[in-house]
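So the structure is just underneath, and the comments pick up after that.
The values are calculated or read from the model by the stated rules, or taken from the named source; none is laboratory data. Please read these numbers as outputs of a predicted model, since none were measured by experiment. Glycine gets a Cβ as well: all are built from the backbone with ideal geometry, and neighbour counts include every protein chain shown.
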Amino acid sequence: MTEMQTTTAAEGYVTADGRQIGGVLMDLKGITLRFGGVEAIKNISFDIRQGEIRAIIGPNGAGKSSMLNVISGFYVPQEGEVWFKGEKRGPMKPYEVARLGIARTFQNIALFDGMSVLDNIMTGRLNRMKAGFLSQAIWWGAAEREEIENRAAVERIIDFLEIQNIRKTPVGRLPYGLKKRVELARALAAEPGLLLLDEPMAGMNVEEKEDMSRFILDVNDEFGTTIALIEHDMGVVMDLSDRVVVMDYGRKIGDGTPDEVRNNQEVIDAYLGVAHD
Amino acid sequence: MTDRQSPAGEAESIPALLARNAARMGARPAYREKEFGVWQSWTWAETAEEVRAIALGFLVLGLKPGDHVAVIGRNRPAHYWSMIAAQMCGAVPVPLYQDAVAEEMAYVLGHSGARFVICGDQEQVDKVLEVQSMPDAPQTIEQIVYTDKRGMRKYDHSHMNALAHVQAEGRAAETRLGPELDARIAGLGYDDTCVMLYTSGTTGKPKGVVLSSRNIIETSKNTADFDHLTEGEEVLAYLPMAWVGDFIFSMGQAIWSGFTVNCPEGAHTMMTDLREIGPTYFFAPPRVFEGQLTNVMIRMEDAGRFKKWLFDHYMKVARRVGPAILDGETVGFGDRLAYALGNLFVYGPLKNTLGYSRIRVGYTAGEAIGPEIFDFYRSLGINLKQLYGQTEASVFITQQPDGQVRSDTVGVPSPGVELKIAENGEVFYRSPGTFVEYYNNPDSTASTKDAEGWVATGDAGFFEEGTGHLRIIDRAKDVGKMADGRMFAPKYVENKLKFYPNILEAVVIGNGRAYCTAMINIDLGAVGNWAERNNIAYASYQELAAHPQVYATIKSHVEEVNRSVAEDPMLSGCQVHRFLVLHKELDPDDGEMTRTRKVRRSVINEKFADLVSALYDGSPTVYTETEVTYEDGRKGHIKATLQIEDAQVFGEALQQKVAAE
């Protein structure tokens, strides 16, 4: 295995376009994940730093989505440790993950089809609503104040992602590319410190991909959100990300800047195949 | 009603009128903008404060009297305020079309020599920076100010500021620069330049039309009186800020009458915002009305049988008596009752859905509007009228008074406007709104405006006997002669074709030829819906346009038009003998249309020369490759083999082709 951590000093680094990347936000140490006899992830270690866009790539079945599920706390690895914000993380419930400031989007869109775009994004704010049941039911005092505050936050995201015109449209009626954007909006509504994107460009046309890339960069730039993403489209990954982890058959075969990864022989072999003689 | 000062008094500039409004109706809403899902509102007093802060900020940045300030962005209060602020500093605002590509912008920025550029967002800033980096670009731009901060953090800010920061600095500099600003405002004269607007230019480079405060304020005053506009009107500012109409409606008339200007959230939410605001005074090009009517009809096709019956029944009633009721004519009791019921069941809810519940005065102009479309809106009780105008006249040349509205005329001369018709049929006007000059272009100024102030409109028309209404036939230079000496007026036929919802655009060719032919653009909305209804699958615009059944439909439209053209003895030679359906939509980005969506005939004749010759050499099909420009400025090619169809002609036109062959 080739380790290429040359660009990352302990206190962070400066990217090619001049952004300051901070210290380690999440550290994955020796992760191994098994489903029965199948080893989906084999002893993988890498870190995600504050403010960076970190991509996980690899051919089909390489274990990317499993890795993302480990990061999100959905899967608990049999071996290895997950450190988040300097603390070792044990098994967690989904709402505990959300409270830690981790939000995600899904490869297969997981929105509420019958609800409007606005309401879907509002669900992303649920863990920020603290008013009691009674107060919510009669819509008075704290509940009303909270709703207005949260709606304002949601409107800022709607403005940011330029979806004002579909605010009140039921999600089920939207085209695929817009649904993906609404999913991103819902994830952003939770104001996450770490945003996980599972194939954000899958199935999109060129224009939709360009839009989505711009939004991802803008989210990172405007909100300082750390982003970990899985993506198939190599062009997109190489343009977007600061550092890339490459997986193949559950192993990590490369880790570094897009340029370093691009010139890594093992990565080239995994993507293009090797001649058997 | 607030009493208004005579323009000859102290209100001799837009900044002076703003001060007047702030003093007399300070608490009334002046501007609204929907942002973050809520309509934010500013009173006249608040507006005056905001504008003053921007003006002081401009002084901090070193704006000098006589400088040009380009404004590029969508309709937002901040952009209107920047224009007034520039005027306060003695500078001249120059609004530009925000959808123009960098090359187009380069010419206008260079020609105007703008030192300051106000950009709406990152996209516009990028274009301005691209212009600055062009090798032969004149480096006049010194300061860029942007309104939307998004994505701007990483830019080099040595000559760049956010508008909010400019305002903050302006507020801080009040004591230091306030007296200077007051002196500059006091120095504004009635004949000083108020604004410079670039004409879209169907031919050649755009020209900078210089309009004085006198032009704008006199025109606004006259026309506000004509339609009894008060400070209670609500308008929706959604048309390009670079267009003279928006400047008159959302700036001149708004500030003269003191009414409220509402800015939509964005271009794509315009229809929702229109419904929410329910303007009382509304302007739209025929395209908008056509689009809305098409949508209504498509949705009614999908409605249940009872609803459909109700709609059809009451629309019949409306068509019969609606226009008469609107014009205040005598209508029988039975009809009035039927109309009142129709209003309850159909017209009221429909108008509400369209956002037209409160319209008192509506105008359409720019292109001819189809009589059916025009009558549809009028029969609903919407006081839709036509006006005829151009940038050089500060919009208004003629307009229709209440009660004398028809789809085939453009009305009587606006107050203060004199009209005359030259021997060749060209319409000339002289008015208080007549422009001062074309900027840095004395030759064009002299050839357009004579010493006595008469301006050639470039349009051919005549006064209708009896009513005194003006009728426009076509552009004077487009009116030509066919090979047999008959009159050729392409626009006349094109308009008839475009009245069919399936046809978006048509170009009729025939000047100097034996017979006329046409290139037609289908309307993707209408034809796409028809295809869906009839289970016709298509993958692209191109494929749909080439579909045999689409051709058959268009052919029937062309033949109906021929039949109607044949009835006019003067123009019966303009019937379309052969036509083809174009494989791409005509697009301003490809230079085929102007930014205001007027067809550029010379460009089309040149670009589609292969198609034109195929239309005349009798070939049944033609292969063509066309260059297209994508939204991001990249170029591409599309290839197609187009079918050419013959259409039936009527009357004397039957001999034309025989003679040609």
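General observations
- Residue list for region B:335-394, filter: in contact with a Phe, Trp or Tyr (Cβ under 9 Å, 6 or more places away or on another chain) and among the hydroxyl-bearing types (Ser, Thr, Tyr): B:Tyr339, B:Tyr347, B:Tyr356, B:Tyr363, B:Thr364, B:Tyr377, B:Ser379, B:Tyr388, B:Thr391, B:Ser394
- Only one entry of B:Gly433, B:Gly466, B:Gly480 meets the criterion of being modelled with pLDDT under 85 and over 30 Å from B:Ala653 (Cα atoms), and that entry is B:Gly466.
- Filtered residue count, region A:219-238, keeping only those that are aliphatic (A, V, I, L, M) and not in a helix (DSSP H, G or I): 4
- Within region B:408-436, tally of residues that are surrounded by fewer than 18 Cβ atoms within 10 Å (Cβ to Cβ), among the acidic types (Asp, Glu) and more than 21 Å from the chain's Cα centre (by Cα): 2
- Residue tally, condition under 20 Å from A:Ile102 (Cβ atoms) and either away from chain B (no Cβ under 14 Å) or touching a Phe, Trp or Tyr at 6+ places or on another chain (Cβ under 6 Å) (or both), over region A:219-245: 12
- Filter result (under 18 Å from B:Arg52 (Cβ atoms) and of a type outside the set (A, V, I, L, M)) within region B:153-170: B:Asn161, B:His165, B:Gln167, B:Glu169, B:Gly170
- Residue check for B:Glu392: closer than 18 Å to B:Gly366 by Cβ and either over 23 Å from the mean Cα position of the chain (by Cα) or not hydrophobic (A, V, I, L, M, F, W, C) (or both): yes
- Residue match in region A:120-139 (condition: within 14 Å of another protein chain (Cβ to nearest Cβ) and at pLDDT 90 or above): yes
- Of all residues in region B:419-439, those satisfying the criterion of being assigned to a loop (DSSP other than H, G, I, E, B) and not polar (S, T, N, Q) are B:Ala422, B:Glu423, B:Gly425, B:Pro432, B:Gly433, B:Phe435, B:Val436, B:Tyr439.
- Condition check for B:Leu586: over 26 Å from the mean Cα position of the chain (by Cα) and within 30 Å of B:Glu104 (Cβ to Cβ): no
One line per residue, one yes/no per condition, for (1) away from chain A (no Cβ under 14 Å); (2) in contact with a strand residue (DSSP E or B) (Cβ under 7 Å, 6 or more places away or on another chain); (3) acidic (Asp, Glu):
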{"residue": "B:Glu12", "(1), (2), (3)": "yes, no, yes"}
{"residue": "B:Leu17", "(1), (2), (3)": "yes, no, no"}
{"residue": "B:Ala23", "(1), (2), (3)": "yes, no, no"}
{"residue": "B:Trp39", "(1), (2), (3)": "no, yes, no"}
{"residue": "B:Glu46", "(1), (2), (3)": "yes, no, yes"}
{"residue": "B:Val60", "(1), (2), (3)": "yes, no, no"}
{"residue": "B:Arg74", "(1), (2), (3)": "no, no, no"}
{"residue": "B:Met83", "(1), (2), (3)": "yes, yes, no"}
{"residue": "B:Tyr97", "(1), (2), (3)": "yes, no, no"}
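- Qualifying residue in region B:635-642 (condition: charged (D, E, K, R), under 31 Å from the mean Cα position of the chain (by Cα) and crowded, with 20+ Cβ neighbours inside 10 Å): no
- The residue of region A:176-198 that is farthest from the chain's Cα centre (by Cα), among those that are among the aliphatic types (A, V, I, L, M) and outside any helix (DSSP H, G or I), is A:Ala190.
- Matching strands (runs of 3 or more DSSP E) fully within region B:1-119 where at least 3 residues are surrounded by fewer than 24 Cβ atoms within 10 Å (Cβ to Cβ): B:29-35, B:38-43
- Residue count for region B:222-265, restricted to those that are part of a loop (DSSP other than H, G, I, E, B) and under 19 Å from B:Ala365 (Cβ atoms): 10
- Considering residues of region B:183-206 that are at pLDDT 90 or above and in a loop (DSSP other than H, G, I, E, B) only, the residue surrounded by the most Cβ atoms within 10 Å (Cβ to Cβ): B:Leu188
- Filtered residue count, region B:150-188, keeping only those that are over 36 Å from the mean Cα position of the chain (by Cα) and away from every other protein chain (no Cβ under 14 Å): 13
- If you go through region A:149-172 and keep only what is acidic (Asp, Glu) and at the interface with chain B (Cβ under 8 Å from one of its Cβ atoms), you end up with A:Glu155, A:Asp159, A:Glu162.
- Against the conditions (1) of a type outside the set (Gly, Ala, Ser); (2) within 14 Å of chain B (Cβ to nearest Cβ); (3) within 30 Å of A:Leu217 (Cβ to Cβ), A:Leu196 satisfies every one except (2).
- Summed over region A:97-108, the residues that are among the small types (Gly, Ala, Ser) and in a strand (DSSP E or B) give a count of 1.
- Check on B:Asp136, over 22 Å from A:Asp211 (Cβ atoms), acidic (Asp, Glu) and away from every other protein chain (no Cβ under 14 Å): yes
- Unique match (being under 26 Å from A:Gly193 (Cα atoms) and either surrounded by 14 or more Cβ atoms within 10 Å (Cβ to Cβ) or small (Gly, Ala, Ser) (or both)) among A:Ile268, A:Ile216: A:Ile216
- Options A:Lys29, A:Lys64, A:Lys42: the member that is in contact with a Leu (Cβ under 9 Å, 6 or more places away or on another chain), basic (Lys, Arg) and touching a residue at least 12 places away in the same chain (Cβ under 8 Å): A:Lys42
- When region A:199-218 is limited to residues that are more than 11 Å from every other protein chain (Cβ to nearest Cβ) and assigned to a helix (DSSP H, G or I), the one that is farthest from A:Asp239 (Cα to Cα) turns out to be A:Glu208.
- Residue within region B:8-20 that is at pLDDT below 95, over 30 Å from B:Asp587 (Cβ atoms) and among the hydroxyl-bearing types (Ser, Thr, Tyr) present: yes
- If you check A:Ile163, A:Ile148 for being surrounded by fewer than 17 Cβ atoms within 10 Å (Cβ to Cβ), more than 24 Å from A:Glu52 (Cα to Cα), out of contact with any Cys (no Cβ under 9 Å at 6 or more places or on another chain) and among the aliphatic types (A, V, I, L, M), only one passes: A:Ile148.
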